[in-house]
Every structure is written in C-alpha cells, then in structure tokens.
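The values are calculated or read from the model by the stated rules, or taken from the named source; none is laboratory data. Since the structure is predicted, the reported quantities are computational estimates derived from the model, not experimental observations. Because the Cβ atoms are built from the backbone with ideal geometry, glycine has one as well, and the counts that use them run over all protein chains shown. Heavy atoms of the whole protein, side chains included, go into the accessibility calculation; ligands, DNA and RNA do not. Shrake-Rupley method; radii C 1.70, N 1.55, O 1.52, S 1.80 Å.
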Amino acid sequence: MISFIAAVIALILGFLLYGKIVEKNFAPDDRETPAVAMQDGVDYVPMPTWKVFLIQLLNIAGTGPIFGALSGALFGPVVYLWIVFGCIFAGAVHDYGIGMISMRNRGCSVSEIVGDHLGGGMRQVMRVFSVILLIMCGVVFTKGPADLLAILTNNAPGPSFWFWIVLLYYFIATFVPIDKVIGKFYPVFGVLLIVMALGVSGSMLFSGSYEMPELWDHFANEHPEGIGVWPFMFITVACGAISGFHATQSPMMARCCKNEFVGRKVFYGAMIAEGIIALVWAAAGVSCYESGQALLEAGAGCSAVVYTVCRSTMGKIGSVIALLGVIACPISSGDTAYRSARLTLADWFRSDQASFKNRLIITVPLLVTGFLISRIDYTVVWRYFSWSNQTLAMIGLWACSVYLARSGKKWIITAVPAVFMSAVTVSYFFMADECLGMLWKSLSIDSKIYTPAAAGLGAAAAMAFLLLFIRKKGSQQTDRL
C-alpha cells in the first residue's frame with residue numbers, strides 16, 4: 001500500500017515540479033493559437049480548458065492504461081517504477097512537446113512536425129507510418145467493442161452487426177465538427193474513466209479486503225512465463241508511461257486550445273492523470289489476484305479481467321461502470337484515431353477540411369481501409385501496433401529535441417528519454433517473436449545468445465541516433481505561426 005501511495009504522490013509532484021520546468025523551457029507566450037487564428041468550425045474550434053483536458057485524457061487513454069497496466073502487472077510491482085518515471089520524464093514531456101510545437105505550427109500533425117525537424121525523408125516515412133498506425137488503432141478498437149456488445153446482447157444480432165454499428169459511429173465522429181460529437185460526449189466518458197479508477201483504488205485502499213504488495217518486497221521480475229523486463233515491459237505498458245499514439249492526438253487538441261498557457265494542464269496534465277489511472281490498474285493486477293500466474297490465466301489485459309476487478313471492488317455498481325467503460329473507452333480511442341488519420345492526410349495533401357466534400361473524400365477511403373485490415377487476425381494487428389506505437393514515441397522525442405536545440409532551449413529534457421526509447425524499440429525489434437526473435441529461434445540460436453546481443457544492438461543504435469541528433473540540431477528552423 002505504501003509504495004502505491006508513494007507512486008501516486010510522485011506523479012502529482014512530477015506535474016507540479018518537473019512539469020513547471022518543462023513548461024518554463026518551452027516558454028509559452030501570448031501569441032494567437034491556431035484555435036483563435038484559424039477557426040473553421042470543424043477542426044479548429046476554441047474550447048474551455050477543462051473540456052480540452054478531458055477530451056485529451058480520453059483521446060490518449062481509452063483502455064490503454066487499463067489493459068496495458070494489467071498486462072504489465074504480470075512483471076510484479078516493479079512496473080510501478082516504469083509508470084512513474086516513464087510518465088514524468090518521458091510520456092508527459094513527449095505529449096507536451098508535440099502539443100506545443102503543433103500549437104506553434106498551425107496545429108500541424110506529427111508527421112509534419114517530424115518532417116520540419118528531422119528532414120523531408122522522415123516526413124514521408126512518418127506520413128505513411130502514422131496513418132498506418134492510426135488505422136491499426138481504429139481496427140483494434142472496432143473489433144473489441146463490437147465483440148463485447150455481441151456478448152452483452154447474447155449474440156443477437158451478432159458481432160458483425162455491432163461491427164458495422166461501431167464503424168458507422170466512427171464515420172460520424174471522424175467527419176462532423178469536433179465540438180458536435182467528441183466535444184459533447186468525451187467529457188462524460190472522461191469522467192467515467194476517472195470514476196472507475198477512483199472506485200477500484202478506494203476499495204483496495206480502504207476496504208481491508210486486499211493486500212497490496214510493496215515494491216521493496218517484490219523488487220524482481222515476477223512474470224510467470226519468465227519474459228524479461230528489458231525491453232518487453234517498456235513496450236507492454238505503453239499508454240500508462242509513454243505512447244507514440246499520443247503524438248497523433250495532441251495536435252488535434254492543439255487546434256482547440258485558446259492560449260499556450262493551458263498547454264501544461266492539457267498535455268502534461270492529461271498524461272499524469274493517465275499515469276495515475278495506469279498505477280491503479282497495475283495495483284489491481286498485483287492485488288486482486290493471488291499470483292501472476294492467476295492473473296495470466298484470467299487473461300491479464302482484457303475486458304473480462306476489468307469486469308472482474310470492478311465487480312469485486314465495487315459490487316453491482318462496479319459491474320455497470322466496467323461494462324460502460326470497456327465499451328466506451330476503446331470506442332473513444334478508435335474514433336479519434338480515424339479523425340487524426342484524416343487530419344494527417346489533409347496536412348499531407350493540403351486539403352481544406354472546412355469543405356464537406358474534402359472531408360468525405362478522405363474519410364470514406366480511411367474507413368474502407370480499416371474494414372479491410374480488420375479481416376486480419378486481431379492478435380497479429382495488436383502485436384505490431386504495440387511496437388509501432390513506441391517507435392513513433394521515440395521519433396517524436398527526437399523531433400522535439402531538434403526543435404528545442406534550434407530554439408536555443410534545453411534539449412536534454414527530451415533527448416535523454418529519446419535515447420532511452422531508442423534503445424527499447426531497437427532491442428525489442430531484434431528480440432521479439434513478431435520481429436526478428438522468431439528468426440533466431442528458427443536458426444536454433446539460444447536466447448542466452450541473442451537476448452544480450454539484441455540489448456547491445458539497441459544501446460548501440462541509441463548512441464548512433466544521439467550522434468545524428470547532435471549533427472542535425474545545428475541547422476536553422478523557425479516557427480510557422
């Protein structure tokens with residue numbers, strides 16, 4: 001219990017103290033934001049800070065900090081450390097940096113930010129990479145809710161019917177002005193996400209029915225299958241610590257902020273809130289199940305575990321909240337994924353999205369592509385989504401580092417986590433089964449050989465990226481806005 005409470009306090013202090021340092025480094029000022037200077041009634045719409053915060057929280061969170069943290073709980077309480085330090089020094093900095101740079105550059109998407117600071121070649125790579133990632137995210141969060149809705153209705157009318165219903169909703173949310181659907185419903189869903197976390201944590205802390213293991217008594221890798229902490233835990237727990245998906249969402253809210261001074265509350269603050277939610281669910285994973293093996297057998301990061309935890313901690317009310325949460329939260333990630341993909345393509349082809357026709361031309365092919373990808377096995381899509389997600393975060397941090405260096409600011413606050421995430425993603429690429437890990441196994445190379453080799457290659461790649469950054473940061477760059 002003490003280590004959990006200390007971790008929550010650390011996150012709050014991170015927002016109050018380190019968040020201030022990050023904000024001071026970016027130096028917000030009173031320039032007109034895109035929401036004010038470029039209002040179009042569709043994507044550039046000024047909104048109250050509290051509403052932008054709740055929308056941002058739901059955009060970046062959804063079920064990510066729930067499912068990811070529950071899967072991370074298989075490693076034991078050591079996962080708390082990654083959530084806390086990853087969130088404060090990497091994830092929140094990443095989200096704030098992308099959000100602020102976008103706000104200073106017409107609310108442009110992450111692919112344009114990367115291109116401006118890492119070069120034209122990377123712009124093209126990121127355009128394709130980010131759109132594919134967003135469509136995969138939309139697919140992941142279409143099939144899950146549709147299957148659950150089918151179960152709740154006893155498979156009448158069936159998962160295919162609900163799939164089309166969810167897809168129709170995605171079309172509406174992607175197409176219509178942001179304040180018509182997302183602006184109205186997301187704050188409510190954001191509150192629901194917070195209520196779920198408060199209910200679960202309150203029961204664990206005060207009911208006396210749960211023993212919350214302390215970090216210092218379990219300072220080891222406790223994964224029941226022996227999967228290594230490096231780099232797998234850092235990929236598994238993405239949304240609760242750092243996530244590249246957030247780089248696609250922050251620009252969407254950068255188009256709705258009335259001034260730059262709300263950036264720390266909206267971007268840095270939403271990530272800290274997500275970290276607290278992730279901590280709650282990681283604690284639930286290690287506290288509500290007698291062992292990691294029991295949690296693994298129950299399904300770890302899945303809707304069934306969320307439902308069981310909510311019911312056991314909050315009773316019948318918890319069951320209702322859980323059902324609403326595991327349906328609404330993934331849908332809220334899926335629709336904003338498609339919307340961000342539309343905005344990325346619009347920036348790419350310089351298409352004015354105030355035009356009804358232009359929005360339709362982009363939206364329809366996006367959803368058709370998502371439907372086609374949904375025919376692929378769900379687990380395969382998810383595995384590649386996880387690695388792609390963290391790779392995007394790494395690229396985003398390097399772009400922020402170049403921006404800060406060219407602006408004469410302290411680039412170390414983004415370069416250090418960029419180096420770390422570079423080592424994580426490259427190590428994972430050489431080690432994981434869905435990447436090159438299966439190749440080594442097919443060649444009968446023992447994991448005791450390729451595991452340290454993969455970690456070494458990750459470290460070498462991170463240092464190479466750092467050297468490239470030091471060379472790159474010298475060229476001149478000015479804000480567009």
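Look at (1) surrounded by fewer than 21 Cβ atoms within 10 Å (Cβ to Cβ); (2) not in a helix (DSSP H, G or I) and you find that Phe185 fails only one, number (2).
To keep it simple, each residue is scored yes or no on (1) under 30 Å from Thr451 (Cβ atoms); (2) over 15 Å from the mean Cα position of the chain (by Cα); (3) modelled with pLDDT of 90 or more; (4) not small (Gly, Ala, Ser).
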position	(1), (2), (3), (4)
Phe189	no, yes, no, yes
Tyr210	no, yes, no, yes
Glu214	yes, yes, yes, yes
Asn221	yes, yes, yes, yes
Gly226	yes, yes, no, no
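Mind listing just one residue for me: the one in the range 346-378 that is of a type in the set (Gly, Ala, Ser) and not in a helix (DSSP H, G or I) and, of those, modelled with the lowest pLDDT? So, considering only residues that are of a type in the set (Gly, Ala, Ser) and not in a helix (DSSP H, G or I), the one modelled with the lowest pLDDT is Ser374.
Among the conditions (1) open to solvent by less than 10 Å² (accessible area, probe 1.4 Å); (2) of a type in the set (Asp, Glu); (3) out of contact with any Cys (no Cβ under 9 Å at 6 or more places or on another chain), Glu274 misses just one, which is (3). Residue by residue through the range 396-411, note down the ones that are of a type in the set (A, V, I, L, M, F, W, C), assigned to a helix (DSSP H, G or I) and open to solvent by 10 Å² or more (accessible area, probe 1.4 Å). The answer is Trp398, Ala405. Applying the set (1) under 25 Å from Ala273 (Cα atoms); (2) open to solvent by 40 Å² or more (accessible area, probe 1.4 Å); (3) in a loop (DSSP other than H, G, I, E, B) to Ile227 leaves exactly one unmet item: (1). Of all the listed residues (Ala197, Ala173), the sole one being in contact with an Asp or Glu (Cβ under 8 Å, 6 or more places away or on another chain) and either within 24 Å of Val52 (Cβ to Cβ) or open to solvent by less than 30 Å² (accessible area, probe 1.4 Å) (or both) is Ala173. Tell me, please, whether a residue that is surrounded by 24 or more Cβ atoms within 10 Å (Cβ to Cβ) and in contact with a His (Cβ under 9 Å, 6 or more places away or on another chain) can be found in the range 100-118. Yes, because at least one residue in the range 100-118 is surrounded by 24 or more Cβ atoms within 10 Å (Cβ to Cβ) and in contact with a His (Cβ under 9 Å, 6 or more places away or on another chain). Go through the range 249-261 and give me each residue that's open to solvent by less than 10 Å² (accessible area, probe 1.4 Å) and not charged (D, E, K, R). Within the range 249-261, Gln249, Ser250, Pro251, Met252, Met253, Ala254, Cys256, Cys257 meet the criteria. Only one entry in Gly183, Gly120 is farther than 25 Å from Ser303 by Cα and either under 19 Å from the mean Cα position of the chain (by Cα) or free of Cβ contacts under 8 Å to residues at least 60 places away in the same chain (or both), namely Gly120. Answer yes or no as to whether Glu222 is of a type in the set (D, E, K, R), surrounded by 17 or more Cβ atoms within 10 Å (Cβ to Cβ) and within 24 Å of Ser312 (Cβ to Cβ). Criteria met by Glu222.
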